[in-house]
Amino acid sequence: MPTAQRARHGGDLVVESLTALGASTVFGLPGQHALGAFDALRRSGLTYVGLRVENNAGFAADAFARVTGTVAPLLVSTGPGALMTLAALQESAAASAPVLAIGSQVPTAGLGGGRKGYLHELVDQKASFRDIVKSVHTVRTASQIPSAVAAAWASALEAPAGPVWLEIPQDVLLAPVSVPPVTSLRAAPRPLPPRPELTAEAARLLSAAERPVILAGGGVVRAGARQELRALAEALDAPVTTTFGGKGAFPWDHPLSLQSWLEDAHTTEFLEDADVLLVVGSGLGELSSNYHTFRPRGRLVQIEADLGKLESNHPALGIHADAREALAALAEAVTPRPPGTAGTAGTAGTAGTAAKAAAGLLTRVRERIDAQGLELEQRVLGAVRDALPDDSPSFWDMTILSYWAWSAFDPRAGALHSAQGAGGLGYGFPAALGAAAADPGRPVLAVSGDGGAMYSIAELATAHQYRLPVTWLIVDDGGYGILREYMTDTFGEATATELSRPDFVTLAESFGVPAVRTTPERLRADLAGALAAPGPSVVVLPALLRMFAPTHLDRFADGGPGDGPGPDQGCSEPDPDQG
């Protein structure tokens, strides 16, 4: 006797809604209260990528959203499963990554604060998410599911993009439904164009400026505004520097490029000397302002999609707008100037070209770094750059080599992503898995320290199961290296920074993932070979790396640039959850 066709239920409405909105891939980890949604996944055309820890699933969804520019669904269960995503969602919020986190809930009878004693019961689960995500959405009946999913999707995409939380009770996910399958949903985010009078005033200021400079942040990358930024910079003959999150917004080797040496007093002073500084897609926060030592002397124009960041650190002509639309409007409105007519930093007129000024700044930065005896660190970073294909993205955990990469790594046609927004450990490898799931035909690089790697070891099983082309470079220095430096410099010795760790090569091979132990001399060849091979791989580099000297600690002590601590006095990244 043929098996009767199973009735559709609330979980089907979830996956049908996601499919109708254009989703292709779902990340997550199943749990008892979410099984209705996971059962529906089986009958859908969506690709499911299951990770071993919910936080890592969140990082994978974050990366998928970054590289595709669209919403990444994240499906988890109630209570512990939901709460395990918080660190990942905080990173997505800081990086404006549109992650749609869908969590289950206890049955509706247990909602509203009543203590029914259900498994995973919380008095108010969604309250844990309100301080992190853009918006919180709740469902109490099956008929609400399509509209709630569409509203959450639009919220995630609307500038500034970011993560959202949607929760659905277990009994709603399991409830039979008789409505037709969801085939069409609209979730168009509202546009955020600049106000014409503001762009006209900004264009007037920039056109009249003698020393215009542009600071481009992550908002330029997220808006896909690279061409508009370049057109404006060339029209103004204005040097451009990028924040760490904005790397790739402007060509690294362009004559007007100041690259991204923001933790350098010479760069800070160059920005301060601009008579008009255009800040686009950045809030001029801690990292982008060389730890709030930036003191502008000219006019600031700030373009920012996040209203809360406008003038949050410095007075400016604030333009609340999407970076792409605003840059395009400015590029049309400014008065173009021939190359070489803009003044240079430290001059009052046209004593030299902007390109010469940019080259001069990079020379001063290079001289400062070269004086610190950090050849090993530069050689290692250079080997990574040489081994990585030009169009491959890279994902960096919070580790010393990553801090070097923020300033010194050219992403080329690929992109550099890190967890610098929230600053938590464990981002690199699971994020790289998410990027590889978006494009399995292109190798992806993940970089971690040995401390950060331990957060993600379980995901070697995920990499092997899905045959994702991720090469994981683990720099093993025996502990939380940057914290070791902080504590030694501050207290004379370090506490709780030394770590017992596994043989990473043997451990990776036990998961069926090829691995090799390398040296700085062999790194380029070993890494290139791993990236060229199909599927996942691990490259372990035992090395004790140091950070270049910070310049912010005593920048105003004697008025001189670059007179900060020596090279053994630590990285200028203060987050205590870094290693």
Any chance residue 349 is modelled with pLDDT under 95, open to solvent by less than 40 Å² (accessible area, probe 1.4 Å) and on the phi > 0 side of the Ramachandran plot: no
Across (1) open to solvent by 10 Å² or more (accessible area, probe 1.4 Å); (2) in a loop (DSSP other than H, G, I, E, B), residue 366 clears everything bar (2)
Exactly one of 283, 248 is touching a Lys or Arg at 6+ places or on another chain (Cβ under 6 Å), assigned to a loop (DSSP other than H, G, I, E, B) and open to solvent by 10 Å² or more (accessible area, probe 1.4 Å), and that one is 283
| query | Is there a residue being at pLDDT below 65 and more than 24 Å from the chain's Cα centre (by Cα) anywhere in segment 538-558? | reply | yes
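Filtering segment 286-316 down to residues that are on the phi > 0 side of the Ramachandran plot and touching a Pro at 6+ places or on another chain (Cβ under 9 Å), which residue is surrounded by the most Cβ atoms within 10 Å (Cβ to Cβ)?
Result: 290.
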Query - Meets criteria (in contact with a Leu (Cβ under 7 Å, 6 or more places away or on another chain) and open to solvent by 50 Å² or more (accessible area, probe 1.4 Å)) for residue 491 - result: no
Scanning segment 378-404 for residues that are of a type in the set (D, E, K, R), in a helix (DSSP H, G or I) and under 23 Å from the mean Cα position of the chain (by Cα) gives 385, 386
Sole miss for residue 126 among (1) on the phi > 0 side of the Ramachandran plot; (2) assigned to a helix (DSSP H, G or I); (3) of a type outside the set (A, V, I, L, M) is condition (1)
Of the residues in segment 471-490, those that are farther than 22 Å from residue 520 by Cβ and hydrophobic (A, V, I, L, M, F, W, C) come to 483, 487
If you check residue 442 against the conditions, is it at pLDDT 95 or above, of a type in the set (D, E, K, R), more than 17 Å from the chain's Cα centre (by Cα) and in a helix (DSSP H, G or I)?
no
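Condition check ((1) touching an Asp or Glu at 6+ places or on another chain (Cβ under 9 Å); (2) among the aromatic types (Phe, Trp, Tyr); (3) closer than 23 Å to residue 401 by Cβ) across all residues:
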{"site": "259", "(1), (2), (3)": "yes, no, yes"}
{"site": "263", "(1), (2), (3)": "yes, no, yes"}
{"site": "277", "(1), (2), (3)": "no, no, no"}
{"site": "283", "(1), (2), (3)": "yes, no, no"}
Using the structure shown, decide if residue 493 is more than 24 Å from residue 534 (Cβ to Cβ), touching a helix residue (DSSP H, G or I) at 6+ places or on another chain (Cβ under 8 Å) and of a type in the set (D, E, K, R). yes
Those residues of segment 317-339 which are in a helix (DSSP H, G or I), closer than 17 Å to residue 96 by Cβ, open to solvent by 30 Å² or more (accessible area, probe 1.4 Å) and not acidic (Asp, Glu) amount to 324
So, residue 140, is that one of a type in the set (Lys, Arg), open to solvent by 50 Å² or more (accessible area, probe 1.4 Å) and more than 31 Å from the chain's Cα centre (by Cα) or not? yes
Reported set for segment 151-172 where residues are crowded, with 24+ Cβ neighbours inside 10 Å, outside any helix (DSSP H, G or I) and out of contact with any helix residue (DSSP H, G or I) (no Cβ under 9 Å at 6 or more places or on another chain) is none
Of the residues in segment 500-521, those that are part of a loop (DSSP other than H, G, I, E, B) and closer than 13 Å to residue 533 by Cβ come to 513, 514
Checked segment 405-415 for anything assigned to a helix (DSSP H, G or I) and out of contact with any helix residue (DSSP H, G or I) (no Cβ under 9 Å at 6 or more places or on another chain); matches are 406
**Asked** Could we say that residue 486 is more than 24 Å from residue 423 (Cβ to Cβ) and among the hydroxyl-bearing types (Ser, Thr, Tyr) here?
**Response** no
The correct count of residues that are buried (at least 17 other Cβ atoms within 10 Å of the Cβ) and either closer than 23 Å to residue 87 by Cβ or modelled with pLDDT of 95 or more (or both) in segment 114-127 is 5
For this session: Taking residue 485 as the residue in question, decide whether it is of a type outside the set (Gly, Ala, Ser), surrounded by 14 or more Cβ atoms within 10 Å (Cβ to Cβ), touching a Lys or Arg at 6+ places or on another chain (Cβ under 8 Å) and not in a strand (DSSP E or B).
Result: yes
Checked segment 464-482 for anything aromatic (Phe, Trp, Tyr) and not in a strand (DSSP E or B); matches are 466, 480
Given the conditions (1) touching a residue at least 40 places away in the same chain (Cβ under 8 Å); (2) surrounded by 22 or more Cβ atoms within 10 Å (Cβ to Cβ); (3) among the small types (Gly, Ala, Ser), every one holds for residue 436 apart from (1)
Being farther than 16 Å from residue 448 by Cα, modelled with pLDDT under 95 and either open to solvent by 40 Å² or more (accessible area, probe 1.4 Å) or over 28 Å from the mean Cα position of the chain (by Cα) (or both) narrows 496, 525, 533 down to just 496
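The values are calculated or read from the model by the stated rules, or taken from the named source; none is laboratory data. Everything quoted here is computed from the prediction, not taken from an experiment. With ideal geometry, Cβ positions are generated from the backbone for all residues, glycine too; neighbour counts draw on all protein chains shown. Calculation scope for accessible area: heavy atoms of the full protein, side chains included, ligands and nucleic acids excluded. Shrake-Rupley method; radii C 1.70, N 1.55, O 1.52, S 1.80 Å.
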